[in-house]
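Asks: Following this message is one structure expressed as structure tokens.
Where a number appears in this text, it was derived from the coordinates with a stated rule and is not lab data. Just so it is clear, the structure is predicted and the values come from calculations on it, not from any experiment. Every residue, glycine among them, receives a Cβ derived from its backbone with ideal geometry; neighbour counts consider all protein chains shown.
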Amino acid sequence: MKKTEICLYCGIGYVPKRRGVQKFCSNSCRSLNWKSKQQNKEVKSMVLQGKTIKPLAQNESKPEDKISVAGIGNAAIGASLVEIGKEVLTSPQNKAATKGDIQDLKTFLRSRYLKVHNLRKDPHGKTPYYDVKTGNLVYL
Ligand SMILES: [Zn+2]
């Protein structure tokens, strides 16, 4: 009895001609899958380039300003905010976000993030903070 496999690209069931090595129903699905992988790579690297914050102190001569912030992307900041939101808002006493909960969230954010005074705001006007929990420098 021949076993049916699921094509990794189109999801259609097919009977493989060679067992074990074939992952797609046809050559066209195999090459389309490869092409879409290549495209994803390009998109990802473009996103990373666009979102990476360049060091603010590039033209600054003062040594205390030469903290590199390259690599701290907006994506990372977004993820940590989601994490904080979950921590605060999913605790048992907070079933729905009320005004009190939002106040709690603000207090929590203030205790976690300490404003960094020797760095300027990023090009988007966001303020640099030191994240006590992760030890990272973030712009919020
Ligand atoms: Zn297919």
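Asks: Could you work out how far apart the two model spin labels at Arg110 and Thr134 are, taking each label as a point 7 Å from the Cα in the direction of the beta carbon, and quote it in nm?
Replies: 2.3 nm
Asks: How far apart, in nm, are two points set 7 Å out from the Cα along the Cα-to-Cβ line at His124 and at Ser26?
Replies: For the pair His124/Ser26, the computed spacing is 4.3 nm.
Asks: Test of understanding: ordering Val21, Val138 by Cβ neighbours within 10 Å, fewest first, what list do you get?
Replies: Fewest to most other Cβ atoms nearby, the residues stand as Val21, Val138.
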